[in-house]
2 protein chains.
Amino acid sequence: MPHYLENVIHPRTIAVIGASKNPEKRGYRAIKSLQADRYQGRIFPINPRETEILGLPCYPNVGAVPEPVDLALVCTAAATTPGVIEECGRAGVRGAVLLAGGFSEASEAGRLLEEETVAVARRYGVRLIGPNTNGMFSARLGCNALGNLDLPRGQLSILSNSANVMSSLQTEIIFHGHGGIAVMLSVGNQADILFHEYLDLLGTDDETRAVMFYVEGFKDAPAFLKTLREVSLRKPVAMYVAGRNAAGKSAAKSHSGSLAGDYAISQGVLRQAGAVVVARSDELFPVAEALSLLPPMAGRRVAIVSEGGGPITVASEACADRGLELATLSQATQDRIHAIVPAATAIANPVDAGGGTDPRVEYYESIAEAILQDPNIDALLLVGLFGAYGIRYGEQAGRDELRVCESLARMMQAYGKPIVVQSHFANLKPPALAALREAGVPYQRGMETAVQCLAAAADYGEARRRLALPPPAPRPAPPEARAIVEAARKAGRDLLETEARALLEAHGVALDPYRLIAGAAGAAAAQQAFGDAPVAVKVVSADIVHKSDAGAVVLNAVGADGVAQAVARIEASIARRAPQAAVQGYLVAPMAPRGTELLIGVLQDPAYGKVITFGLGGVFVEIIRDVSFRALPIGPADAREMVNGIRYASMLDGARGNPPVRRDDIVELLVKVSEIAMAHPEIAEIDLNPIIAHAGGCSVVDARVILQAAS
Amino acid sequence: MPHYLENVIHPRTIAVIGASKNPEKRGYRAIKSLQADRYQGRIFPINPRETEILGLPCYPNVGAVPEPVDLALVCTAAATTPGVIEECGRAGVRGAVLLAGGFSEASEAGRLLEEETVAVARRYGVRLIGPNTNGMFSARLGCNALGNLDLPRGQLSILSNSANVMSSLQTEIIFHGHGGIAVMLSVGNQADILFHEYLDLLGTDDETRAVMFYVEGFKDAPAFLKTLREVSLRKPVAMYVAGRNAAGKSAAKSHSGSLAGDYAISQGVLRQAGAVVVARSDELFPVAEALSLLPPMAGRRVAIVSEGGGPITVASEACADRGLELATLSQATQDRIHAIVPAATAIANPVDAGGGTDPRVEYYESIAEAILQDPNIDALLLVGLFGAYGIRYGEQAGRDELRVCESLARMMQAYGKPIVVQSHFANLKPPALAALREAGVPYQRGMETAVQCLAAAADYGEARRRLALPPPAPRPAPPEARAIVEAARKAGRDLLETEARALLEAHGVALDPYRLIAGAAGAAAAQQAFGDAPVAVKVVSADIVHKSDAGAVVLNAVGADGVAQAVARIEASIARRAPQAAVQGYLVAPMAPRGTELLIGVLQDPAYGKVITFGLGGVFVEIIRDVSFRALPIGPADAREMVNGIRYASMLDGARGNPPVRRDDIVELLVKVSEIAMAHPEIAEIDLNPIIAHAGGCSVVDARVILQAAS
């Protein structure tokens, strides 16, 4: 069964509403560009005052067209749109491209007009592209509703929040002369069809081998994540997501009125769903193109080959910056390479085949084969002069080079390991590189870009393996957990810390022992439980949210006397600062041993919904914001990527005299927290902060659970 | 007076040693490429077995050449080199290019051969380029001793540690078709002429407007810094410095000392000396080219102009990432822009001139003028479609666009503010952009690259203003300070903490009060001094370097009893862990108030010599390594850049409940520490760590001074 947007994106019949004989008018240029780009469907100009336009019979209205119309290209002014769509709806038109601006992006009146238009479209089931779009191009039938002619056709699809950025990607593709376009579309105001629906179609589109996105904001981010997960399993999706910093965010807001959440959240949840998120706009095309060609990369271990040391140095640094590892080649591989180039300057990896002998491009072929057969290596990067041996060393070298190029492409497929070529000569377009690309191996001019392509292949490989795992199974809440949440909800309050702890325990989270005492009178019981170990004493009160600020926490109290004094101090402090607070008691718990401070939380993102976070505590979260995010639910593989994905993950290996953090414990706890948040839709936020990871395990020192506000 | 390398780099006469009639030989190709590139001097082939080569009379040896020879191009094998140089020396040749490999880069025998060659050269005053270089190109007389023909000639000079990277820069220049080469040279093994000598020449070279460097290592880094400081005042120097991920740690006694060999040191001291250090190899050419064209930038405030929002969003994010500020345009400027483009989507900055009206390239001219006249703005960035108006909107738009391009170049000079254009169409080379560049305004394809060019202009502007300040005046050490250092030096030990403190005080650094007591008996005196304020007690002993590890520090002791107990604990600990240690006494000082932990240090870098460092303490130095470096001596402007240049400088504004750090105090302390280190050449390392910046000022909590090991 064809996709529900199939006929809209690949229309076999197009009605041009507002068709015109005036070459200045959009209604003329639209027909002209369809004809000029050899559109293979049928075009029906609509204009009550004409009988023929550009050689085509003209119809007074779309209802008069003698066959079913797949797509209406609406070239009339914004104000006419509701009426036009009404007419389209009556005529059974499947979709419409609204080229005009002047809708929600422009004014309140425009917003109302957009609402009205959508209401009409919904009534008839007409799907809308735009408004405020500069159109669409789809290669299959040559449907060029964009106006830019001679777009190279190929296997990349582009979805963009900005017509201007789309045009930038387009000139890039034209310049490079490869990696042409399957579908290209600026989504405009997304009044009706949303990003994820286009993506869903492209997921089913055989011509599309990779999708490029420029995104300023989603109107339905959770739906997008769902579609992205499905599509990423089949084909790579590369994205530039605006909103990385306040400057971009405010520029984006004024541009399309879209809401951008925390960029780190976007990045985390989009990567989780399989996207390759690039931080530089100029990496979007190279990365997407490379991903469309490369086999999935099994790990992050790269080998570098060059004749000459400088490019190797730069490549090695770029690899390290992007988390790619230069694994040492096996002894057998090194022996093979030594036999090929006995004078080589280096052979263990990187391989510098230079070293006094004459350059011979065929070395690349035999060295590449030795490396690709090495189980220590996941991908190969050739850097430097490759591509120019023919130019520099004559015709025979040129012929050899062409053969090596074809051989590299064959080997890449045979061994299932990515090959990327960085060539100083790329922009000069030597024939060898054209042949290389034609055979399926990507090449780049810039070293950092080439390395970024491999890093993207590694990231995408990891994501695909993870997405192929069975999704985390929902675990129903045990009745005692449900009862805790229900009681708090009925009382119109969040969970007390004792309840939050009980909830965690009901879900199987092991916590350090603690005691609830009613007041100073309970100090003896506390001593009975904990002896003379130093303890923390804190108030339990639904009315006191920020316990430390209220002076309601005392640390390092010792023995019954110490606890009693602590309770008295807290009582005095509350009497001063929160005299109205109802106190449910005092929680007494042994001080956690010294260790690494961590936090786990659940929060509600305005765009992506419930999100789980992990990070290091203290300055790492407050100043550095070294935290990772994933959308709920998560499985162990997600959790492990979260833990390993923080910037200063090295802190977990035991810095500053602390023992190493047992990452498995944290992974397990993250998955549990995800289960808890999923099992109780009433929960809005969870905050386990700090968690102290010490030699004996993990201690959750403070636990808060916030419920959704009653609506 | 001409520079001493003038005749070597711009030779008027060249002897080709090992000239040959065999087209396969280097000695043939060298002459051929000089002739082909229209060398304007005279060529003398040297070969005892020939009388004529390539139409030139051949000489049996260089001594037989009938006129003075500026440069010998040595095309013979490595082993012949000492003899060849001997002959050159006798003949009065000024310089020689040693093309052969097989010297110190290859083997121990090669290293000896190189040494021998240099010794001969020194004897006669022959200066050597290489060995192991692929040659040199200088445009003035068309001296192409490289073999790559048709190099575009222009105003950029290239110095490279790698022939291969040089070749990469060269193809880049050829592709872009602008920004040609003045001098290009791969330094090879730097057996004789070092980087700084070439740079010194280029500093005096009128043809060179900017210098590009690819550096893997200096043989005389301090000399390079000195030359760089001088040259940077006159022309920009852009560098890619390898070693970003190298470990290269030296054995050092102090915490600061352990930072030696860091890439961050290279970066800090090279920037201090005026270099623009790029982190991506693909930014080297664009940045150098832009710097060769742009007027100095007075601040970091950029305005962005576009028609269309997407590129503005990307540009804004790229600016924020690189510390460029989108300052709000003055109301007057906004009014002017509004009058030009009433329907503009945004006008405060960024300016989005789009908004429903037809695109008109002349808007860029009038908007640019309004912006350049605004005192709030230091530079202008045009992004998006500029350069393609002619292509997209017809001939009249094309003519207008050409005029706007010339006008932009005129305005850039008139207002003395940099203009950079990012154009999606750059790689398609539209005529407008060629005209723009011809008129002196740089353009780029990539947004991030364009923004990097402006950031580089801002950095270079700052550096130039700083370098123009008078250098810090040396302050002689006061006699009492000299006496302290001398006493320790004679005793063959480092300074005791009490001596380090006395040294700081002798140089005018204000420290918190402290007392030295001989032992527990001195506890009463300590109480007399500090009352019941909690104090730190630590051992003073030349034999105990790591006091905390030896259990020789007790914090928060209170009163005479507390101090006595602390001394007893330390004595017990030393008795166990360092029983041989001679104890000079115990230092008692009040605990510093809560505040922000900082460190200042001086260390000995193996390449750059004495370096000063500043950073945040705790995890910020241990894990994040958030420290900045400068070579000694520093003045207040350097110190301020150090303080503002750490990554998490926001911590200094008072994070985590701490008061803001008074940056002036830190600047003053840094300058003092620089003066101390300069005044006492015997000092190897200084470590003031931690320094606590609190509401009352700065407390130096621990001070260590390490002397140079007796040689």
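Looking at region B:298-316, can you tell me whether even one residue there is facing chain A (nearest Cβ under 10 Å), open to solvent by less than 30 Å² (accessible area, probe 1.4 Å) and part of a loop (DSSP other than H, G, I, E, B)? Walk me through how you get there before you give the answer.
Just the residues of region B:298-316 that are facing chain A (nearest Cβ under 10 Å), to begin with: B:304, B:306-316.
Cutting the leftovers down to open to solvent by less than 30 Å² (accessible area, probe 1.4 Å) gives us B:304, B:306-316.
Those still in the list that are part of a loop (DSSP other than H, G, I, E, B) too: B:307-308.
Looking through region B:298-316, at least one residue is facing chain A (nearest Cβ under 10 Å), open to solvent by less than 30 Å² (accessible area, probe 1.4 Å) and part of a loop (DSSP other than H, G, I, E, B).
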Handout entry: Where B:Gly559 falls short, out of the listed (1) open to solvent by less than 60 Å² (accessible area, probe 1.4 Å); (2) in contact with a Leu (Cβ under 8 Å, 6 or more places away or on another chain)
Key = (2)
Exercise for the section: Please tell me if B:Phe386 is open to solvent by less than 10 Å² (accessible area, probe 1.4 Å), at pLDDT below 95, more than 30 Å from the chain's Cα centre (by Cα) and not β-branched (Val, Ile, Thr). Expected result: yes
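Yes/no matrix, rows are residues, columns are (1) over 23 Å from the mean Cα position of the chain (by Cα); (2) closer than 28 Å to A:Ala78 by Cβ; (3) more than 9 Å from chain B (Cβ to nearest Cβ); (4) assigned to a loop (DSSP other than H, G, I, E, B):
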{"position": "A:Leu151", "(1), (2), (3), (4)": "yes, yes, yes, yes"}
{"position": "A:Leu169", "(1), (2), (3), (4)": "no, yes, no, no"}
{"position": "A:Glu172", "(1), (2), (3), (4)": "no, no, no, no"}
{"position": "A:Val183", "(1), (2), (3), (4)": "no, yes, yes, no"}
Exercise for the section: Can you tell me which residue within region A:433-485, out of those that are of a type in the set (Asp, Glu) and away from chain B (no Cβ under 14 Å), is nearest to A:Leu156 (Cα to Cα)? Expected result: A:Glu438
Handout entry: Leading residue by the ranking (farthest from A:Val187 (Cα to Cα)) among those in region A:88-105 that are assigned to a helix (DSSP H, G or I) and without any contact (Cβ under 8 Å) to a residue 40 or more places away in the chain
Key = A:Arg90
Practice task
Please verify whether region A:124-132 includes one or more residues that are within 14 Å of chain B (Cβ to nearest Cβ), at pLDDT below 95 and open to solvent by 10 Å² or more (accessible area, probe 1.4 Å).
Solution key: yes
Completion exercise
Filtering region A:330-339 for residues that are among the small types (Gly, Ala, Ser) and either part of a helix (DSSP H, G or I) or facing chain B (nearest Cβ under 8 Å) (or both) leaves a count of 2
Practice task
Restrict the check to region B:409-417 and report whether at least one residue is surrounded by fewer than 21 Cβ atoms within 10 Å (Cβ to Cβ) and at pLDDT below 95.
Solution key: no
Practice task
With the condition kept exactly as written, say whether any residue in region A:442-450 is open to solvent by less than 30 Å² (accessible area, probe 1.4 Å) and either outside the structural domain of A:Thr313 (by TED's automatic domain parsing) or more than 15 Å from A:Ala318 (Cβ to Cβ) (or both).
Solution key: yes
Practice task
Only residues in region A:29-54 that are within 18 Å of A:Glu87 (Cβ to Cβ) count as the first member; pair them with residues that are charged (D, E, K, R) and open to solvent by 70 Å² or more (accessible area, probe 1.4 Å), Cβ under 7 angstrom, at least 6 apart or cross-chain, and list the lot.
Solution key: A:Glu50/A:Lys21
Handout entry: Of residues in region A:590-610 being out of contact with any helix residue (DSSP H, G or I) (no Cβ under 6 Å at 6 or more places or on another chain) and crowded, with 23+ Cβ neighbours inside 10 Å, the one nearest to the other protein chains (Cβ to nearest Cβ)
Key = A:Thr596
Practice task
Could you look through region A:228-242, keep only residues that are in a strand (DSSP E or B) and β-branched (Val, Ile, Thr), and pick out the one that is farthest from the other protein chains (Cβ to nearest Cβ)?
Solution key: A:Val237
Practice task
Give the residues of region A:488-543 that are in a loop (DSSP other than H, G, I, E, B), open to solvent by 50 Å² or more (accessible area, probe 1.4 Å) and of a type outside the set (A, V, I, L, M, F, W, C), sorted by residue number.
Solution key: A:Gly492, A:Arg493, A:Asp494, A:Gly508, A:Asp512, A:Pro513, A:Asp532, A:Pro534, A:Asp543
Problem - Count - residues of region B:5-41 that are in contact with a Leu (Cβ under 9 Å, 6 or more places away or on another chain) and either open to solvent by 20 Å² or more (accessible area, probe 1.4 Å) or in a loop (DSSP other than H, G, I, E, B) (or both) - result: 18
Exercise for the section: Give the residues of region A:153-165 that are open to solvent by less than 10 Å² (accessible area, probe 1.4 Å) and facing another protein chain (nearest Cβ under 8 Å), sorted by residue number. Expected result: A:Ser160, A:Ser162
Practice task
Within region B:83-107, work out how many residues are open to solvent by 40 Å² or more (accessible area, probe 1.4 Å) and within 35 Å of the chain's Cα centre (by Cα).
Solution key: 5
Fill in the blank from the handout: Residue pairs qualifying under the 6 Å Cβ cut-off, at least six apart or on distinct chains, with the first in region B:575-604 being part of a helix (DSSP H, G or I) and the second being at pLDDT below 95 and among the small types (Gly, Ala, Ser), are B:Arg577/B:Ala550
Completion exercise
Filtering region B:459-477 down to residues that are surrounded by 17 or more Cβ atoms within 10 Å (Cβ to Cβ) and small (Gly, Ala, Ser) yields B:Gly461, B:Ala463, B:Ala477
Fill in the blank from the handout: B:Ala684 meets each of (1) surrounded by 23 or more Cβ atoms within 10 Å (Cβ to Cβ); (2) within 25 Å of the chain's Cα centre (by Cα) with one exception, condition (1)
Fill in the blank from the handout: Picked from region A:320-329 (must be closer than 18 Å to A:Ala353 by Cβ and either within 28 Å of the chain's Cα centre (by Cα) or not hydrophobic (A, V, I, L, M, F, W, C) (or both)), the residue farthest from the other protein chains (Cβ to nearest Cβ) is A:Thr328
Fill in the blank from the handout: Note on A:Lys417: of the conditions (1) over 29 Å from B:Tyr240 (Cα atoms); (2) out of contact with any Asp or Glu (no Cβ under 7 Å at 6 or more places or on another chain); (3) not in a helix (DSSP H, G or I), unmet is (2)
Exercise for the section: For region B:202-217, indicate whether the set of residues that are surrounded by 23 or more Cβ atoms within 10 Å (Cβ to Cβ) and part of a helix (DSSP H, G or I) is non-empty. Expected result: yes
Handout entry: Matching helices (runs of 4 or more DSSP H) fully within region A:618-692 where at least 3 residues are within 12 Å of chain B (Cβ to nearest Cβ)
Key = A:619-622
Fill in the blank from the handout: Within region B:66-82, residues assigned to a loop (DSSP other than H, G, I, E, B), under 44 Å from the mean Cα position of the chain (by Cα) and under 14 Å from B:Val93 (Cα atoms) come out as B:Glu67, B:Pro68, B:Val69, B:Asp70
Fill in the blank from the handout: Considering region A:602-639, residues that are within 17 Å of the chain's Cα centre (by Cα) and among the charged types (D, E, K, R), and then whichever is nearest to A:Ala468 (Cα to Cα), we arrive at A:Asp638
Handout entry: Criterion: within 11 Å of another protein chain (Cβ to nearest Cβ), charged (D, E, K, R) and buried (at least 18 other Cβ atoms within 10 Å of the Cβ) - qualifying residue of B:Asp282, B:Asp374
Key = B:Asp282
Exercise for the section: Could you check, for region A:199-211, whether at least one of its residues is within 21 Å of B:Leu385 (Cα to Cα) and in the same structural domain as A:Gly274 (by TED's automatic domain parsing)? Expected result: no
Practice task
Considering (1) crowded, with 18+ Cβ neighbours inside 10 Å; (2) at pLDDT below 95; (3) closer than 26 Å to A:Gln452 by Cβ, say which one A:Ala320 fails and leave the rest.
Solution key: (1)
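The values are calculated or read from the model by the stated rules, or taken from the named source; none is laboratory data. In this text the structure is predicted, and so the values were computed from the model without any measurement. All Cβ positions, glycine included, derive from the backbone under ideal geometry; neighbour counts span all protein chains shown. With ligands, DNA and RNA removed, areas are computed over all heavy atoms of the protein, side chains included. Shrake-Rupley method; radii C 1.70, N 1.55, O 1.52, S 1.80 Å.
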